[in-house]
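Beneath this line is the structure, given in structure tokens, with notes to follow.
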Amino acid sequence: MGDYAAIDRLMSTLFLARHRRPPAAIVLDIDVTNDTIHGHQEGRYCHGYYRVSCYLPLYISCGDPILCARRRRARCLW
């Protein structure tokens, strides 16, 4: 899966380097992007509402820069 702690530190460092001073407030946008797939690809996520398999990465951003990205995994029951 990777070294998430090191990647998180890098993303935070790059974000703060874009500013002369640390921002007074940070508004985070936390969202997923559904990419429907067909078959049994590794890393698929089961969307229970639509009953489809998909890749469903979680993204956390603040404006344009992405601060964090995570793969979500689940066992499909269909």
How many residues does region 1-43 contain that are under 17 Å from the mean Cα position of the chain (by Cα) and basic (Lys, Arg)?
1
Residue list for region 45-73, restricted to those being surrounded by 13 or more Cβ atoms within 10 Å (Cβ to Cβ), at pLDDT below 80 and either of a type in the set (A, V, I, L, M) or touching a helix residue (DSSP H, G or I) at 6+ places or on another chain (Cβ under 6 Å) (or both):
Leu56
Residues of region 14-28 satisfying the condition of being exposed (fewer than 10 other Cβ atoms within 10 Å of the Cβ) and free of Cβ contacts under 8 Å to residues at least 12 places away in the same chain:
Ala17, His19, Arg20, Arg21, Pro22, Ala24, Ala25
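Would it be correct to say that Cys46 is under 14 Å from the mean Cα position of the chain (by Cα) and free of Cβ contacts under 8 Å to residues at least 60 places away in the same chain?
Details: under 14 Å from the mean Cα position of the chain (by Cα): no; free of Cβ contacts under 8 Å to residues at least 60 places away in the same chain: yes.
Criteria not met by Cys46.
The values are calculated or read from the model by the stated rules, or taken from the named source; none is laboratory data. Bear in mind that the values here come from a model prediction, so they are computed numbers and not experimental data. Reconstructed Cβ throughout: ideal geometry from the backbone, glycine too, with neighbour counts over all protein chains shown.
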